[in-house]
1. Tell me yes or no: at least one residue of the stretch 82-104 is without any contact (Cβ under 8 Å) to a residue 12 or more places away in the chain and either among the aliphatic types (A, V, I, L, M) or under 16 Å from Lys3 (Cα atoms) (or both).
2. Only one of these is more than 23 Å from Thr79 (Cβ to Cβ), free of Cβ contacts under 8 Å to residues at least 24 places away in the same chain and in contact with a helix residue (DSSP H, G or I) (Cβ under 8 Å, 6 or more places away or on another chain): Val173, Val169. Name it.
3. Could you please find all residues in the stretch 1-38 being at pLDDT 95 or above, of a type in the set (A, V, I, L, M) and farther than 20 Å from Val148 by Cα?
4. Which of (1) touching a residue at least 40 places away in the same chain (Cβ under 8 Å); (2) farther than 26 Å from Trp189 by Cβ does Phe57 not meet, given it meets every other one?
5. Under 6 Å between Cβ atoms, which residue pairs at least 6 apart in sequence (or on different chains) link something in the stretch 116-131 that is within 17 Å of Leu75 (Cβ to Cβ) and among the polar types (S, T, N, Q) with a partner that is open to solvent by 60 Å² or more (accessible area, probe 1.4 Å) and assigned to a helix (DSSP H, G or I)?
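The values are calculated or read from the model by the stated rules, or taken from the named source; none is laboratory data. Worth saying up front: this structure is predicted, and the values here are computed from it rather than measured. Neighbour counts are summed over all protein chains in view; Cβ atoms, including those assigned to glycine, are modelled from backbone coordinates with ideal geometry. Please note that ligands, DNA and RNA were not included when accessible areas were found on the heavy atoms of the full protein model with its side chains. Shrake-Rupley method; radii C 1.70, N 1.55, O 1.52, S 1.80 Å.
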Amino acid sequence: MTKVFVIGFNKCGTTSLHAFFRASGLSCAHWRLSRDRTLAGAMFSNLSLQRHVLEGFSGFDVYSDINHLSDTVHLEANTLFRTLDATVPDARFILNTRDKDRWLASRARHGSPTTGSFLARARKCYGASREEVLAIWSDQWDRHHAAVTEYFADKPGRLLVFDIETDPVDKLVSSFEGSFQLDPQHWGWRNRTGARAG
């Protein structure tokens with residue numbers, strides 16, 4: 001069965017996409033595999049041990065929010081798209097995106113009672129000021145979007161670029177016709193940060 005990897009950054013509708021696919025009956029992994037094990041951490045751990053990138057959790061249809069940030073390490077497993085493409089047969093990819101400035105603002109506001117402020121963790125992890133962290137994120141965004149676009153340029157049908165602020169859900173539904181039966185009625189915003197979608 002086709003596997004789908006959501007390879008945009010967090011705060012680009014990853015939770016909304018996760019909820020949509022799950023409500024449509026798909027098996028979905030989002031951010032954490034367990035209380036103390038993130039998807040990103042597990043993927044990088046597998047690779048460091050020369051295992052298949054999905055070893056131990058290959059039974060899911062959709063993988064989203066594949067980042068891990070602590071006070072000491074920041075892992076963006078969305079950058080593993082080349083490895084995923086090479087080792088997962090028939091994989092499909094979604095580059096979920098939005099206006100970059102609004103993404104930066106949303107990410108800077110992101111946090112929860114259990115994990116704390118995303119920006120504060122990033123500042124501690126990078127040893128950087130707020131302005132320096134935002135510059136790092138902006139550069140990561142530009143490089144990742146350029147790399148994904150270049151890599152999939154000659155692989156038609158493998159990548160869907162989905163702007164969560166402007167694209168209709170029908171674009172998502174029609175892209176996966178023949179692979180999944182997706183119900184547009186299940187689409188909606190989840191996990192907004194402040195007044196805007198996150």
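1. Taking the stretch 82-104 as the starting set, the residues that turn out to be without any contact (Cβ under 8 Å) to a residue 12 or more places away in the chain are 86, 89, 101.
Going one step further and asking which of them are either among the aliphatic types (A, V, I, L, M) or under 16 Å from Lys3 (Cα atoms) (or both), we end up with 86, 89.
For the stretch 82-104, residues without any contact (Cβ under 8 Å) to a residue 12 or more places away in the chain and either among the aliphatic types (A, V, I, L, M) or under 16 Å from Lys3 (Cα atoms) (or both): present.
2. Working: Val169 fails: free of Cβ contacts under 8 Å to residues at least 24 places away in the same chain.
Sole residue among the options that is more than 23 Å from Thr79 (Cβ to Cβ), free of Cβ contacts under 8 Å to residues at least 24 places away in the same chain and in contact with a helix residue (DSSP H, G or I) (Cβ under 8 Å, 6 or more places away or on another chain): Val173.
3. Ala19, Ala23, Leu26, Ala29, Leu33
4. Against the list (1) touching a residue at least 40 places away in the same chain (Cβ under 8 Å); (2) farther than 26 Å from Trp189 by Cβ, Phe57 comes up short only on (1).
5. Listed pairs, sorted by first residue: none to list.
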